[in-house]
Amino acid sequence: MFGLILLLILLAQATLSYTLFEYQNPFLIVLGILQIVLFFGSMIIMMRLFRNRRTSDYRKGFNAFGVMIATGVPALGFFLFGIVYLLTNLVFFKYMGYGIAVAMFIAILSGIIWGRWNWKTHTIELPFDNLPEESDGLKIVQISDIHVGSFFNKYDKVEKAIQQINRLEADFVFFTGDLVNNIAEEMFGWEPVFSKIQAKIGKYSILGNHDYGDYVPWEKEETKNSNLSKLISIHKEIGFTPLLNEAIELKPGFWLLGVENWGKAPFRQSGELEKTLEKVPVDSFKLLLSHDPSHFDEQVTGNTDIDLTLSGHTHGMQFGIERFGIKWSPVSLRYKKWAGLYHVGKQFLYVNRGFGYLGFPGRVGIYPEITEIVLRSTKK
C-alpha cells in the first residue's frame, strides 16, 4: 500500500512539473523547481525528525509536515486533470487542474494559519427513556484529543477556547483522551491554563492511545511507566478525575464509566469494559467514555446496555468537508463512525472532532470541536 501511495505521489509530481516546464517560462520553471524542492525536502526533514524521537518540541517536524502537505496535496489535486491534458492535449483540462491546485493550496494555507484555532461548538440534545428525571436537562461538555505538545506555547489562543468552554456553563466536563502527543513533559507550563476549565459538578477524563508513550523509545520500562504515572497525576492537577477502567455514580441512577484505550489493531487494547461494568446496576443510565470509536461497534453494541458513548481519536483527519449537506473525510475509509452523532438502536455514540491537532499543523474543513450535550428524559 505504501509503495502504491509513493508511486502516485511521484507520478503527480512528475505530471505537474512537466506541464510547468513545457512553457519554457523562467517564472514557471522556478515555480516548478521550488515546488519539488519544498515537497521532497520537507518530507525528508519530517521523516528524520519523527523517527523514534522522544521530545516535547514538535515544531520543526510539524512545520515540515505542513510544507509537505501544502506543496504535495495540490499536486495530487492537479494529477487527474494533468493526465487528461497529456492524453488529449486539451489545454482546458490543464487550466482546470491549475485552478484546483491553487484552490487546494489556499485552503491548506488557511487551515494552517486560521483553521486550527477555529474552535466550533457543536450542540445536540439527546432523549433517553431511562434517564432519571432529576437528570433531565443535564449539560455535558466533551473535549477530546488536546495533543498539547502541538500548540507550540500559543497560550493566548488556547485560553480563548477555554473561555468558550466556560461560557457553556456545563454541569460536567468530560475529556476523552490524548492529552499529549507522547510524553507528560509536554504539559509542563500548561497546567494553569487547563486548570481554568470549569464545571458546576465535576470534570472526568480517560486516556487515549498517545498518552501511554507507546510511539517513542524508552531506555527502561520503568521510565515509561513513570511517564504515564506523571501524566495521570497531571490530569488530577488540572482538576480532572481520571477513570481507568472504573465506574462512578454521578447522580442517583446515573453512572459514568471510563475505560482505558481500546482500539482495533494495531492500537492498544487496555480497556476492560466487562470489569468496568461489574458494579453498575443493570437498570441505571450509563454513559461511557472510550477514546476510540471502533470500541462502540466491537464491544458496546449488542453486548451491553450502555446508553451513550463519547469518543474522539479520529480528528476527522483534520481534512474534509462538512458543508452543503456533504460530510466526508479520508478517515471515513477506516472509521465508519468518525465525527458527530451515530446510533445503533437506542445506543448512541458521539465522536468529537478533537480539540487540538497532530502532525499536520492545520485543519481544513474539519475544525477543532467543543461538544455541548444536553440530556433529556422522555419520562417527563
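The values are calculated or read from the model by the stated rules, or taken from the named source; none is laboratory data. Bear in mind the structure is a predicted one, so any value in this text is a computation, not a measurement. Using ideal geometry, Cβ is built from the backbone for each residue, glycine included, and neighbour counts are taken over all protein chains shown. Ligands, DNA and RNA are excluded from the accessible area calculation, which covers all protein heavy atoms including side chains. Shrake-Rupley method; radii C 1.70, N 1.55, O 1.52, S 1.80 Å.
Remarks
- For segment 160-189 and segment 35-97, distance of Cα centres in Å: 32
- With a 1.4 Å probe rolled over the protein heavy atoms of all chains, the accessible area of S229, S270 falls in the order S229, S270, largest first.
- The share of Cα pairs per 5 Å bin across segment 188-274, counted from zero up to the longest distance, runs 3, 12, 19, 21, 20, 15, 7, 3, 1, 0 percent.
- Counting all C-alpha pairs of the chain, share separated by more than 29 Å (%): 47
- On full extension, the segment bounded by I44 and V282 gains 80.2 nm, given 0.36 nm per residue less the C-alpha separation.
- Rounded if a/c under 1.5, otherwise prolate or oblate - segment 233-280, Cα gyration tensor axes: oblate
- Calculated FRET efficiency for the pair L34/E169, C-beta based, R₀ 56 Å, to 0.05: 0.65
- Heavy-atom accessible area ranking, 1.4 Å probe, most first, across R167, R59, R268: R167, R59, R268
- Computed FRET value (nearest 0.05) for K264 with K327, which takes r as the C-beta separation and R₀ as 22 Å: 0.50
- Note on the chain: GNM, Cα springs under 10 Å; of A70, A14, A101, the largest mean-square fluctuation is that of A14.
- Alpha carbon convex hull of segment 1-139, volume per residue in cubic angstrom: 224
- Its Cα gyration tensor gives segment 299-380 an equivalent ellipsoid. The semi-axes, each the square root of 5 times an eigenvalue, are 26, 14, 12 Å from largest down.
- Overall form of segment 98-232 per C-alpha gyration tensor (a/c, 1.5; a/b vs b/c): oblate
- Distance from the C-alpha centroid of segment 193-255 to that of segment 311-343: 26 Å, rounded to the whole angstrom.
- Normalised by the number of residues in segment 40-156, the average gap of Cα pairs under 8 Å and 6 or more apart makes the relative contact order 26 percent.
- Mean accessible surface per residue for the chain, computed with a 1.4 Å probe while every protein chain stays in place, in Å²: 47
- Span-rule helices in the chain, defined as complete DSSP H runs reaching 20 Å or more along the axis (Cα) with Kyte mean at least -0.5: 2-21, 26-50, 59-88, 91-113
- Within the accessible area of the chain (1.4 Å probe), percent carbon and sulfur: 60
- Neighbours of T223 by Cβ distance under 14 Å: Lys/Arg scored +1, Asp/Glu scored -1, total -1.
- Its alpha carbons considered, segment 287-334 gives a radius of gyration followed by a Dmax of 13.0, 36 Å.
- Considering only I201, I162, I143, the Gaussian network model of the chain with Cα springs below 10 Å gives its largest mean-square fluctuation to I201.
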